[in-house]
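Remarks on the structure that follows.
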């Protein structure tokens, strides 16, 4: 049995549980395993896997802030709020919005504590069923708003209609929803076309193992022991 945590760089196109499933094939059969925060299939970046006694750190991990880089494309929105969805609204004649205008809108509307409604295409459960399963069946449900906090929301690259943002926020924040809501206020819609989680607390993507190249020996070498987790 391995105790500790493992930092994984989840690739695009797979689910967080796909990573767990892959690890289960190469770890001992009795290995206890979980993860501290789902990443959408279209996203890539840091996924913290909890091993053995490390699974007891789940609650502590949820108190850590998360840092993302997201590319927003203005001009349209999709039903999933990301590039995997179906376009539901387009703005064919929208006017370019300057970085200064976007920054002002962010300062007025998105920084600090706020209530956010999870997107329908999410893993939130409604009467035991995941919201995205209901959404795919065409069943609409009202998801409850949750308090989140956005600590940093800044432009790091501007190439209109694509704008890249750095966001630091609390656990449970849907970054693609921040992009979607920003597009609504700007007045031309927006969709998250790329999303990477760079940090969770002090843990960084630079120290992670690629999910596409997991091997048993490498896993044992990369495990952070409970004494070194620092929580």
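The values are calculated or read from the model by the stated rules, or taken from the named source; none is laboratory data. Just so we're clear, the structure is a prediction, and the values are computed from it rather than from any experiment. FYI the Cβ positions are ideal-geometry reconstructions off the backbone, even for glycines, and counts take in every protein chain you see.
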Fill in: Only listed residue being modelled with pLDDT of 95 or more and on the phi > 0 side of the Ramachandran plot, chosen from 128, 112, 187
112
Fill in: Residue among 163, 150, 193 that alone is modelled with pLDDT of 95 or more, crowded, with 17+ Cβ neighbours inside 10 Å, under 20 Å from residue 78 (Cα atoms) and under 16 Å from the mean Cα position of the chain (by Cα)
193
Worksheet item: Out of curiosity, is residue 7 modelled with pLDDT of 90 or more, touching a helix residue (DSSP H, G or I) at 6+ places or on another chain (Cβ under 7 Å) and on the phi < 0 side of the Ramachandran plot?
Response: yes
Discussion item. Can you pull out every residue in region 10-20 that is out of contact with any helix residue (DSSP H, G or I) (no Cβ under 9 Å at 6 or more places or on another chain) and not in a loop (DSSP other than H, G, I, E, B)?
Written reply: 16, 17, 20
Worksheet item: What about residue 225, is it surrounded by fewer than 16 Cβ atoms within 10 Å (Cβ to Cβ), over 28 Å from residue 119 (Cα atoms) and touching a strand residue (DSSP E or B) at 6+ places or on another chain (Cβ under 8 Å)?
Response: yes
Worksheet item: What strands (runs of 3 or more DSSP E) lie completely within region 21-94 and have 3 or more residues being touching a residue at least 60 places away in the same chain (Cβ under 8 Å) and surrounded by 18 or more Cβ atoms within 10 Å (Cβ to Cβ)?
Response: 44-51, 66-74, 76-78
